[in-house]
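Working notes, structure below.
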Amino acid sequence: FVKNFEVEKVITNNEQGQLLKSLSLEADLKGFAPRVLSYGMLTSTTDANNIVVYGIDPEKEKQLSKISESMVQGSYFEGSTDPNSADDRKILVGKKLADNLNIGVGDRVVVTVARAQIGDLSLLESVS
(Lines give C-alpha, C1' and ligand atoms only; values in the text may rest on other atoms or scores of the structure.)
Protein backbone atom coordinates (compact mmCIF):
# COMPACT_ATOMS: atom_id res chain seq x y z
CA PHE A 1 0.00 0.00 0.00
CA VAL A 2 2.63 2.55 1.03
CA LYS A 3 4.56 2.06 -2.21
CA ASN A 4 1.66 2.31 -4.65
CA PHE A 5 -1.13 3.89 -2.54
CA GLU A 6 -3.52 1.19 -3.70
CA VAL A 7 -6.32 0.72 -1.20
CA GLU A 8 -6.76 -2.90 -2.34
CA LYS A 9 -3.37 -3.78 -0.76
CA VAL A 10 -4.73 -4.69 2.66
CA ILE A 11 -4.27 -7.22 5.43
CA THR A 12 -7.56 -9.04 5.97
CA ASN A 13 -9.07 -9.39 9.43
CA ASN A 14 -8.06 -13.06 9.51
CA GLU A 15 -4.46 -12.24 8.50
CA GLN A 16 -4.37 -9.40 11.01
CA GLY A 17 -5.41 -11.70 13.85
CA GLN A 18 -2.66 -14.17 12.95
CA LEU A 19 -0.08 -11.39 12.63
CA LEU A 20 -0.99 -9.80 16.00
CA LYS A 21 -0.86 -13.21 17.70
CA SER A 22 2.53 -13.94 16.13
CA LEU A 23 3.90 -10.56 17.24
CA SER A 24 2.65 -11.05 20.81
CA LEU A 25 4.68 -14.27 21.01
CA GLU A 26 7.97 -12.54 20.05
CA ALA A 27 10.14 -12.49 23.18
CA ASP A 28 12.43 -9.73 21.90
CA LEU A 29 9.55 -7.42 21.02
CA LYS A 30 8.82 -4.99 23.87
CA GLY A 31 5.53 -3.76 22.42
CA PHE A 32 3.56 -2.98 19.29
CA ALA A 33 0.41 -1.19 18.28
CA PRO A 34 -1.64 -1.96 15.18
CA ARG A 35 -2.44 0.91 12.80
CA VAL A 36 -4.63 1.32 9.77
CA LEU A 37 -3.52 3.85 7.16
CA SER A 38 -5.72 5.44 4.51
CA TYR A 39 -5.97 8.62 2.51
CA GLY A 40 -9.06 10.73 2.57
CA MET A 41 -10.65 14.11 3.07
CA LEU A 42 -11.63 16.04 6.19
CA THR A 43 -14.52 18.45 5.67
CA SER A 44 -15.68 21.18 8.05
CA THR A 45 -18.51 23.66 7.58
CA THR A 46 -16.05 26.09 5.97
CA ASP A 47 -13.48 24.05 4.01
CA ALA A 48 -12.04 20.64 3.11
CA ASN A 49 -8.50 19.23 3.11
CA ASN A 50 -6.87 16.04 1.86
CA ILE A 51 -5.55 14.04 4.80
CA VAL A 52 -3.74 10.88 5.84
CA VAL A 53 -5.89 8.92 8.30
CA TYR A 54 -4.29 6.67 10.90
CA GLY A 55 -6.66 4.33 12.69
CA ILE A 56 -5.16 3.32 16.03
CA ASP A 57 -5.86 1.36 19.18
CA PRO A 58 -5.67 4.28 21.66
CA GLU A 59 -4.46 2.24 24.65
CA LYS A 60 -1.79 0.31 22.76
CA GLU A 61 -0.67 3.43 20.91
CA LYS A 62 -0.31 5.25 24.24
CA GLN A 63 2.31 2.68 25.30
CA LEU A 64 4.47 3.31 22.20
CA SER A 65 4.05 6.88 21.00
CA LYS A 66 3.95 10.29 22.64
CA ILE A 67 0.76 11.43 20.95
CA SER A 68 -1.19 11.50 24.23
CA GLU A 69 1.54 13.58 25.89
CA SER A 70 1.83 16.02 22.96
CA MET A 71 -1.75 17.26 22.98
CA VAL A 72 -2.23 21.00 23.53
CA GLN A 73 -6.06 21.01 23.55
CA GLY A 74 -8.75 18.43 24.09
CA SER A 75 -8.22 14.96 25.48
CA TYR A 76 -6.69 11.73 24.26
CA PHE A 77 -9.80 9.67 23.54
CA GLU A 78 -11.00 10.09 27.14
CA GLY A 79 -14.29 8.30 27.73
CA SER A 80 -14.19 6.42 24.42
CA THR A 81 -15.45 2.91 24.97
CA ASP A 82 -17.30 1.75 21.87
CA PRO A 83 -15.77 2.64 18.48
CA ASN A 84 -19.00 1.53 16.78
CA SER A 85 -21.07 4.12 18.66
CA ALA A 86 -21.48 7.49 16.92
CA ASP A 87 -21.07 9.18 20.32
CA ASP A 88 -17.70 7.51 20.92
CA ARG A 89 -16.09 8.04 17.50
CA LYS A 90 -13.47 10.70 17.98
CA ILE A 91 -10.50 11.96 16.02
CA LEU A 92 -7.33 13.87 16.78
CA VAL A 93 -6.42 16.70 14.41
CA GLY A 94 -3.13 18.57 14.20
CA LYS A 95 -3.09 22.30 14.95
CA LYS A 96 -2.21 23.38 11.40
CA LEU A 97 -5.07 21.35 9.89
CA ALA A 98 -7.49 22.55 12.59
CA ASP A 99 -6.54 26.15 11.82
CA ASN A 100 -6.92 25.57 8.06
CA LEU A 101 -10.40 24.12 8.53
CA ASN A 102 -11.38 26.56 11.29
CA ILE A 103 -12.29 23.71 13.67
CA GLY A 104 -11.76 23.12 17.37
CA VAL A 105 -12.44 20.64 20.15
CA GLY A 106 -16.00 19.30 20.00
CA ASP A 107 -16.69 20.48 16.44
CA ARG A 108 -18.29 18.02 14.04
CA VAL A 109 -16.47 17.18 10.82
CA VAL A 110 -16.91 14.66 8.01
CA VAL A 111 -14.11 12.17 7.31
CA THR A 112 -14.21 10.55 3.88
CA VAL A 113 -11.85 7.63 3.23
CA ALA A 114 -11.49 5.06 0.47
CA ARG A 115 -12.41 1.51 1.42
CA ALA A 116 -11.01 -1.51 -0.38
CA GLN A 117 -13.42 -3.01 -2.94
CA ILE A 118 -16.28 -0.79 -1.75
CA GLY A 119 -15.40 2.82 -2.56
CA ASP A 120 -15.72 5.96 -0.48
CA LEU A 121 -17.10 5.98 3.05
CA SER A 122 -18.07 9.16 4.92
CA LEU A 123 -18.33 9.31 8.70
CA LEU A 124 -19.42 12.15 10.95
CA GLU A 125 -16.84 12.53 13.71
CA SER A 126 -16.12 14.80 16.68
CA VAL A 127 -12.75 16.45 17.20
CA SER A 128 -11.42 15.34 20.60
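Observations on the structure shown:
- Per residue, in Å², the accessible surface of the range 37-76 once ligands and nucleic acids are set aside, probe 1.4 Å: 68
- Rolling a 1.4 Å probe over the protein chains gives Ile67 an accessible area of about 70 Å².
- Local electrostatic count, Thr45, Cβ distance below 9 Å [Lys/Arg +1, Asp/Glu -1]: -1
- Among the listed pairs Lys21/Lys95; Lys21/Lys60; Lys30/Lys90; Lys30/Lys95, a Cα-Cα separation exceeding 25 Å is found for Lys21/Lys95; Lys30/Lys90; Lys30/Lys95.
- Heavy atoms of Leu19 accessible to a 1.4 Å probe, total area in Å² rounded to 10: 90
- The 3J(HN,Hα) values that the Karplus relation (6.51, -1.76, 1.60; θ = phi - 60°) gives for the range 91-107 are, in residue order, 10, 9, 10, x, 4, 4, 5, 4, 5, 4, 8, 6, 10, x, 4, x, 5 Hz. Gly and Pro appear as x.
- Close amide-amide hydrogen proximity is noted between Ile51 and Gly40, Met41, Leu42, each under 5 Å apart and 5 or more residues distant or on a separate chain (H modeled in the peptide plane; Pro and chain starts excluded).
The values are calculated or read from the model by the stated rules, or taken from the named source; none is laboratory data. The structure displayed is predicted, hence computed values, not measured ones. A quick note on method: Cβ atoms are made from the backbone with ideal geometry, for glycine too, and the neighbour counts reach across all protein chains shown. The area values use the complete protein model at the heavy-atom level, side chains included, leaving out ligands, DNA and RNA. Shrake-Rupley method; radii C 1.70, N 1.55, O 1.52, S 1.80 Å.
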